[in-house]
């Protein structure tokens with residue numbers, strides 16, 4: 001994958017500094033506290049997983065990074081710079097892309113149109129064509145279905161499309177919300193292989209998953225979110241062998 | 001219209017230009033000679049009204065079809081355009097010395113009128129569009145209906161007379177419930193001949209087509225499908241929603257302006273022309289043709305215009321008139337709403353997406369509906385070759 005953005009300035013990131021940093025992020029929906037102070041750091045080149053049960057606040061965390069929900073407290077920083085004043089569009093322009101939960105593609109638009117919309121903020125024709133080639137190489141099935149409507153794809157293909165669309169913006173940081181949700185196991189394997197490949201080409205990935213096993217085997221580090229708070233964090237392999245995690249999320 | 005789009009999918013620049021020039025040429029010939037061929041002015045009026053309604057439908061289609069918002073007050077924008085053009089045309093006519101509205105003079109009057117109509121309608125489109133950021137679905141629909149009714153009632157209830165505030169005095173000159181009939185009630189000068197009506201219907205139809213298949217239209221449709229996903233790729237929902245309202249209002253303003261000063265039309269604008277029924281007719285046109293389809297909106301506009309006329313014709317037949325002597329309250333025009341409602345219900349059962357769905361006539365590519373238009377197949381081919 002070619003991931004360098006044609007026009008975006010490269011970041012001056014000190015060695016060992018996180019690309020994304022959440023400090024004490026709080027989000028409330030009405031009176032309900034969805035996030036009660038989340039601290040999270042993602043370093044360049046990493047795949048970081050965030051696992052947790054339904055309603056733990058995983059999706060809300062991603063939305064707070066994208067600026068899709070207002071913060072009740074705390075800060076989100078990209079390469080050390082606070083994003084508080086930035087709209088969602090600006091965050092996309094700065095290199096954060098989200099593949100939303102539930103394969104939120106545009107069902108009445110063709111696959112090609114969906115992908116083109118991913119490159120919406122930078123209309124560099126050459127870069128767009130290259131990324132389109134890279135995405136079809138990564139997900140050959142999408143290449144076969146370019147002119148089909150997004151809604152006619154299978155669940156797994158729609159997830160591929162959602163990821164492909166997010167990649168079209170040539171992000172530095174890719175946020176993936178439950179890429180395995182409701183998808184046949186065989187396709188889940190394929191999608192996670194693709195995720196690993198995306199990371200190898202230099203894109204930093206924050207992955208939210210309920211499928212703990214595959215999430216921990218793909219990522220280097222992981223956070224466990226429980227009712228709006230980080231309950232555990234650490235090396236993915238260590239977490240996978242943690243008896244508490246095994247009991248709670250890996251079915252013994 | 002038809003020929004224009006066939007030319008577009010041909011993809012050759014020159015042939016497109018030739019088609020455009022051809023259509024405008026035909027419109028010009030219509031302007032000069034239509035009256036010699038079609039002697040019945042009511043038929044001429046019908047054709048031109050159909051072209052205006054195509055504009056009404058394709059502008060509403062931007063909000064209801066492409067942006068996925070729901071406006072039930074489109075007649076308000078049409079009326080705003082209508083009154084603006086009527087007043088300006090009357091005054092300009094007076095300034096130019098009165099007499100017969102000539103074709104040569106229409107090149108001054110019509111552009112000025114329509115620009116003013118478009119601007120005013122656009123401003124109100126912006127104001128009505130603002131709540132669309134916070135409201136959706138039925139709530140937004142109520143706001144649009146509210147706007148249209150306020151517009152109609154403000155004009156209809158203006159009292160005649162020269163007292164009160166300047167605004168009240170200005171409004172009172174619009175004739176209130178009786179309608180506006182030009183300066184000293186001499187009638188509105190009807191400047192917009194077939195050249196303007198058919199020409200603009202064609203040009204703005206092409207504009208609507210381009211909007212749909214531009215990056216802008218694609219972003220708008222993305223927003224309709226999934227707002228969060230659209231925001232996540234960097235589409236700014238605020239800007240797009242409000243702009244779609246402005247574009248639709250500008251189109252409606254032009255359509256209303258044309259209708260008000262249309263040759264062979266009636267030299268009067270009346271608040272009742274812009275009531276809820278008119279908004280409902282516009283919605284029927286869009287839904288019938290297929291929400292989101294530009295050619296569908298055109299078909300809907302033509303169909304509804306002609307069916308209104310057909311019902312009037314049936315109304316005038318001796319059989320119906322004889323029946324009316326028996327049953328005094330029989331009014332086919334009132335029945336029209338029932339007929340439309342039934343047609344819509346049937347359509348929703350049999351073909352919920354409308355006649356064309358989101359597809360277009362004269363669209364070469366068959367694969368997906370609402371495809372990416374003239375330029376997409378090439379990009380697609382590249383992607384496949386890769």
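The values are calculated or read from the model by the stated rules, or taken from the named source; none is laboratory data. All figures in this text were calculated on a predicted structure; none of them were measured in a lab. A quick note on method: Cβ atoms are made from the backbone with ideal geometry, for glycine too, and the neighbour counts reach across all protein chains shown.
Would you confirm whether any residue within region A:223-243 is without any contact (Cβ under 8 Å) to a residue 24 or more places away in the chain and assigned to a loop (DSSP other than H, G, I, E, B)?
Yes, there is a match, as at least one residue in region A:223-243 is without any contact (Cβ under 8 Å) to a residue 24 or more places away in the chain and assigned to a loop (DSSP other than H, G, I, E, B).
Give the residues of region B:216-230 that are assigned to a helix (DSSP H, G or I) and either within 7 Å of chain A (Cβ to nearest Cβ) or at positive phi (or both), sorted by residue number. Write out each step before concluding.
Residues of region B:216-230 assigned to a helix (DSSP H, G or I): B:216-225, B:227-230.
Result: B:218, B:219, B:221, B:222, B:225, B:228, B:229.
Scan region A:146-159 for residues that are surrounded by fewer than 22 Cβ atoms within 10 Å (Cβ to Cβ) and not in a helix (DSSP H, G or I) and jot them down.
Within region A:146-159, A:147, A:148, A:153, A:154 meet the criteria.
On the given criteria, is residue B:279 away from every other protein chain (no Cβ under 14 Å), closer than 30 Å to residue A:62 by Cα and in a helix (DSSP H, G or I)?
Working: away from every other protein chain (no Cβ under 14 Å): yes; closer than 30 Å to residue A:62 by Cα: no; in a helix (DSSP H, G or I): yes.
When the stated conditions are applied, residue B:279 does not pass them.
For residue A:197, state whether it is at pLDDT 90 or above and farther than 22 Å from residue A:249 by Cα. Walk me through how you get there before you give the answer.
Values: at pLDDT 90 or above: yes; farther than 22 Å from residue A:249 by Cα: yes.
Spelling it out, residue A:197 is indeed at pLDDT 90 or above and farther than 22 Å from residue A:249 by Cα.
So for region A:20-32 (the condition being away from every other protein chain (no Cβ under 14 Å) and in contact with a helix residue (DSSP H, G or I) (Cβ under 6 Å, 6 or more places away or on another chain)), does at least one residue qualify? I'd like the intermediate steps shown before the answer.
Step one: list which residues in region A:20-32 are away from every other protein chain (no Cβ under 14 Å), which gives A:20-32.
Still in the list and also in contact with a helix residue (DSSP H, G or I) (Cβ under 6 Å, 6 or more places away or on another chain): A:25, A:27.
Scanning region A:20-32, I find at least one residue that is away from every other protein chain (no Cβ under 14 Å) and in contact with a helix residue (DSSP H, G or I) (Cβ under 6 Å, 6 or more places away or on another chain), so the answer is yes.
In region B:129-143, which residues are at pLDDT 90 or above and in contact with a helix residue (DSSP H, G or I) (Cβ under 6 Å, 6 or more places away or on another chain)?
B:143, the sole residue that qualifies.
Which one of these is within 14 Å of chain B (Cβ to nearest Cβ) and surrounded by fewer than 22 Cβ atoms within 10 Å (Cβ to Cβ): A:129, A:77? Even if it seems obvious, please write down each step before you answer.
On the way: A:77 fails: within 14 Å of chain B (Cβ to nearest Cβ).
One residue alone meets the criteria, A:129.
Here's the yes/no breakdown for (1) over 18 Å from residue A:13 (Cα atoms); (2) touching a strand residue (DSSP E or B) at 6+ places or on another chain (Cβ under 9 Å); (3) not in a strand (DSSP E or B):
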position	(1), (2), (3)
A:34	yes, yes, no
A:37	yes, yes, no
A:50	yes, yes, no
A:54	yes, no, yes
A:59	yes, yes, yes
A:68	yes, yes, yes
A:76	no, yes, no
A:84	yes, yes, yes
A:89	yes, no, yes
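Inspect region A:177-193 for any residue being surrounded by 20 or more Cβ atoms within 10 Å (Cβ to Cβ), away from every other protein chain (no Cβ under 13 Å) and under 21 Å from residue B:235 (Cβ atoms) and give the result as yes or no.
no
Which residue, of B:28, B:12, B:32, is over 15 Å from the mean Cα position of the chain (by Cα), over 25 Å from residue B:355 (Cβ atoms) and at pLDDT 85 or above?
Working: B:12 fails: at pLDDT 85 or above; B:32 fails: at pLDDT 85 or above.
None of the others qualify; the one that does is B:28.
So which residues in region B:312-342 are outside any helix (DSSP H, G or I) and modelled with pLDDT of 80 or more, if there are any at all?
Taking region B:312-342 first, the residues outside any helix (DSSP H, G or I) are B:317, B:327-331.
Of everything in region B:312-342, nothing turns out to be outside any helix (DSSP H, G or I) and modelled with pLDDT of 80 or more.
Would a scan of region A:121-131 turn up a residue that is part of a loop (DSSP other than H, G, I, E, B) and within 22 Å of residue A:44 (Cβ to Cβ)? If you could, list the steps in order and put the result at the bottom.
Of all residues in region A:121-131, those part of a loop (DSSP other than H, G, I, E, B) come to A:121-124.
With within 22 Å of residue A:44 (Cβ to Cβ) added as a condition, the list becomes A:121-122.
Checked against the condition, which is being part of a loop (DSSP other than H, G, I, E, B) and within 22 Å of residue A:44 (Cβ to Cβ), region A:121-131 yields at least one hit.
Over 22 Å from residue B:69 (Cα atoms) and touching a residue at least 24 places away in the same chain (Cβ under 8 Å) - does that describe any residue in region B:156-167? Outline the logic, then answer.
Taking region B:156-167 first, the residues over 22 Å from residue B:69 (Cα atoms) are B:156-167.
Going one step further and asking which of them are touching a residue at least 24 places away in the same chain (Cβ under 8 Å), we end up with B:156.
Checked against the condition, which is being over 22 Å from residue B:69 (Cα atoms) and touching a residue at least 24 places away in the same chain (Cβ under 8 Å), region B:156-167 yields at least one hit.
Is region B:247-255 home to any residue that is touching a residue at least 24 places away in the same chain (Cβ under 8 Å), out of contact with any helix residue (DSSP H, G or I) (no Cβ under 8 Å at 6 or more places or on another chain) and either within 14 Å of chain A (Cβ to nearest Cβ) or under 25 Å from residue B:45 (Cβ atoms) (or both)?
First, pick out the residues of region B:247-255 that are touching a residue at least 24 places away in the same chain (Cβ under 8 Å): B:247-255.
Checking which are out of contact with any helix residue (DSSP H, G or I) (no Cβ under 8 Å at 6 or more places or on another chain) leaves us with none.
No; the residues of region B:247-255 include none that is touching a residue at least 24 places away in the same chain (Cβ under 8 Å), out of contact with any helix residue (DSSP H, G or I) (no Cβ under 8 Å at 6 or more places or on another chain) and either within 14 Å of chain A (Cβ to nearest Cβ) or under 25 Å from residue B:45 (Cβ atoms) (or both).
Filter region A:137-168 for residues that are touching a helix residue (DSSP H, G or I) at 6+ places or on another chain (Cβ under 7 Å), over 24 Å from residue A:94 (Cα atoms) and facing chain B (nearest Cβ under 7 Å) and give the result.
Listed by number, the residues that qualify are A:143, A:146, A:147, A:148.
Restricting the search to region B:228-239, which residues are more than 16 Å from residue A:93 (Cβ to Cβ) and buried (at least 23 other Cβ atoms within 10 Å of the Cβ)?
If the condition is that a residue be more than 16 Å from residue A:93 (Cβ to Cβ) and buried (at least 23 other Cβ atoms within 10 Å of the Cβ), then B:229 is the only one that fits.
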